[in-house]
Amino acid sequence: MADLTPDELNSLRADAWFASLPADLASWLVAQGAVKTLLPGQHLYFRGDPWDGLYAVLTGVLRVASVTEAGKESVLSFLEAPTWFGEIALFDQLPRTHDTAADTAATLLHIGREKLEALLEAQPRYWRFFGRLMALKTRLAFLGLEDLAVLPPEGRLARRLVWMMRTAGGVTRDGRVRLGINQSNLALMLSMSRQTANKVLMTLQSRGIIRVSVGALEVLDEDALADAAGLSESERRLLHSLTGQPSGTRQA
């Protein structure tokens, strides 16, 4: 069994996808996983590298990006605990699509390729759970592309915070969601200047919706943030599905 701290295990259990898994699959992932640590700036893998398995962020922040031939970096996202990633190649067996490196010191749970393939060969019913993980990422990617095409900075940023709140947010002792991302990285993800991102964040803070601190922000009013993001009814249902608790008690 992977040597996880109680906080790391609780973080995994707070993830909507992991929380939806059958007890035996959730326990298997923890038991078969290996803990991997990265230093700031250290790459986990590069675009074009062969697929080596599935990962979950336990602590820290990872940067997913690509670099053009001219040397310009395009940042796709920043991954925080308890995000699971690396599932695309589980289905198509093709190389990694982006560079992924530690933006801060990070700890990961790694389930190796051979172990996953052996599990799915023996238990094909588990395929659908990994399919759900990829489907969720696809939905959020489409929503992000639509936001980028049609929304002003205020709407794009509020909506990104809403989705991050449910897919990569930690919970403080008083039950509020904390996002460990700085303004520069948030701006990079949304293709806007740091100054514009700061202006939007300060507006949300002045309305009592969030609290901005160095390298992080805290969501004070989740409903108000959803309203500021202008979520449709179908998007609110999707958000609810990311917060729903699974039935039954599981041990992992």
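The values are calculated or read from the model by the stated rules, or taken from the named source; none is laboratory data. All values derive from a computational prediction rather than experimental measurement. Positions of Cβ are generated from backbone atoms using ideal geometry, with glycine treated the same way; all protein chains shown enter the neighbour counts. To get the accessible areas, we keep the full protein, side chains included, count just its heavy atoms, and leave off ligands, DNA and RNA. Shrake-Rupley method; radii C 1.70, N 1.55, O 1.52, S 1.80 Å.
The amide H of GLY33, built 1.01 Å from its N in the peptide plane, has ALA2 as neighbours under 5 Å, considering only residues 5 or more places off or on other chains. The string of couplings for region 84-101 from the Karplus curve (6.51, -1.76, 1.60, θ = phi - 60°) is 9, 8, x, 7, 4, 6, 4, 8, 9, 6, 8, x, 4, 8, 9, 6, 10, 9 Hz, one whole number per residue in order, with x for Gly and Pro. Stokes-Einstein diffusion of region 108-156 at 37 °C, 0.692 mPa s viscosity, Kirkwood radius from Cα pairs, rounded to a whole number: 245 µm²/s. Expressed as a whole percent, the accessible surface of the chain that belongs to carbon and sulfur atoms is 53, based on a 1.4 Å probe.
Given +1 at the Cβ of Lys and Arg, -1 at the Cβ of Asp and Glu and no other charges, the dipole of the chain around its Cα centre is 320 debye to the nearest 20. For region 55-68, putting each phi into the Karplus relation 6.51 cos²θ - 1.76 cosθ + 1.60 with θ = phi - 60° gives couplings of 10, 10, 7, 9, 9, x, 9, 10, 10, 9, 8, 9, 10, 6 Hz, in residue order, rounded to whole numbers and with x for Gly and Pro. Label positions at ASP49 and GLU154, each projected 7 Å from the Cα along the C-beta direction, are separated by 4.2 nm. Go through ALA2, VAL61, ALA19 and say which Cα lies farthest out towards the positive end of the charge dipole of region 1-137; charges sit on Cβ, +1 for Lys and Arg, -1 for Asp and Glu. Comparing the listed Cα positions along the dipole, ALA19 ranks first. Report, in degrees rounded to the nearest 10, the 0 to 90 angle that the Cα long axis of helix 113-122 makes with the longest principal axis of the chain. Result, in degrees: 70. Here the peptides 181-191, 42-52 are ranked by packing, the mean other Cβ count within 10 Å, and the order with the highest first is 181-191, 42-52. Note on GLN123 and ASP7: their simple-model spin labels are 3.0 nm apart, each label 7 Å out from Cα toward Cβ. Under 5 Å between amide hydrogens, built in the peptide plane, is the criterion, and for LEU79 it picks out LEU62, ARG63, VAL64 among residues at least 5 positions away or on other chains. Here's the picture: a label point sits 7 Å out from the Cα of GLU114 along the beta-carbon direction, and within region 43-84 the residues with their amide nitrogen under 19 Å of it are 50-55. Think of the chain as a dipole: +1 on every Lys or Arg Cβ, -1 on every Asp or Glu Cβ, centred on the Cα centre; then among VAL177, GLY131, LEU151, LEU151 lies furthest on the positive end. For the chain, the solvent-accessible area with a 1.4 angstrom probe is 51 square angstrom per residue.
The angle separating the long axis of helix 194-206 from the principal Cα axis of greatest extent in the chain is about 80 degrees.
Of the options [x] 44, 38, 38; [y] 50, 45, 33; [z] 53, 49, 32, only one is Cα extents along the principal axes in Å as computed from these coordinates, and that is [z]. Remark: region 1-130 carries a charge dipole of roughly 120 debye about the Cα centre, counting +1 on each Lys and Arg Cβ and -1 on each Asp and Glu Cβ. Once the Cβ-Cβ distance of SER232 and SER191 is raised to the sixth power relative to R0 = 25 Å, the FRET efficiency obtained is 0.65. With distances taken between every two different alpha-carbon atoms, region 90-209 has a Kirkwood hydrodynamic radius of 17.3 Å. Here the 3J(HN,Hα) profile of region 18-31, calculated from phi with Karplus coefficients 6.51, -1.76 and 1.60 at θ = phi - 60°, is 4, 5, 8, 6, x, 4, 5, 6, 4, 5, 5, 4, 5, 5 Hz, Gly and Pro shown as x.
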